[in-house]
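Presented below is the structure to which this report refers.
All of the numbers you see were taken from the coordinates with simple rules; none came from a lab. Just so it is clear, the structure is predicted and the values come from calculations on it, not from any experiment. Glycine also receives a Cβ, built like all others from the backbone with ideal geometry; neighbour counts cover every protein chain displayed.
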Amino acid sequence: MFSLAEVYELAIGIERNGETFYRDALKQAWSKPIADMLKRLAEEEVKHVDFFVKRMDALKQKRENPFLDEMGTSMLKDILGNQTFSLRDRGVSKLGSVEELVALAIEFEKDTILFYEMIGSFMTDEEARRELEEIIKEEEQHVRLFESYGDKEIHLPRL
C-alpha cells in the first residue's frame, strides 16, 4: 500500500530532482536569459519541497485522507505508469543544445503537473489543496517560460 506520506515523499523527490537538474544546467554556458530562468526555477523548486515537507508534518499530526492511505501499490503504479520523474538518466551533460534542455524541462514539468493534479484530487484539506493549486500554476508558468524560448528575450514575471 502507498500511504499519503509516501506520495508526499515522492513529490519531495520530484521537486529535488527538478532543483538539481536546474542547478546542474546552470553550470553550462547558456545565455544570460536562460541562466536567469534556470536559477529562478531552481529556487521555486526549493519552495515546492518546503510545501510538501509542511504537508508531511501536518500528516504526522493527523491522518488526512484514509482513502489515499489505503490506495494499493498496483493502483498508484497504474496511474504513474513507467514515470520515474528522474532526470538522472538524461542529465545536463548529455544535452547537446538549449533546445534539448528546453524539451526535457517541458516534459518534466508537464509530468509533474499531471502528478500533482492526481494528488490534488485526493486531498481533503482545502488550504493544502489551494496551496497545491498554486504550485501547479507555478509549474505551468515554468512550462510557458520554456515554451517562450526562441523569443529574443525570455521575460521572467515577478514573483
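Worth pointing out:
- Cross-link check: pairs Lys54/Lys137; Lys54/Lys94; Lys27/Lys54 evaluated at a Cα-Cα cut-off of 28 Å; pairs beyond the cut-off: Lys54/Lys94; Lys27/Lys54.
- Counting Lys and Arg as +1 and Asp and Glu as -1 over every other residue whose Cβ lies under 11 Å from the Cβ of Arg16, the net charge comes to -3.
- Across region 13-19, rounded Karplus estimates of 3J(HN,Hα) from the backbone phi angles (6.51 cos²θ - 1.76 cosθ + 1.60, θ = phi - 60°) give x, 4, 5, 5, 4, x, 4 Hz, Gly and Pro being marked x.
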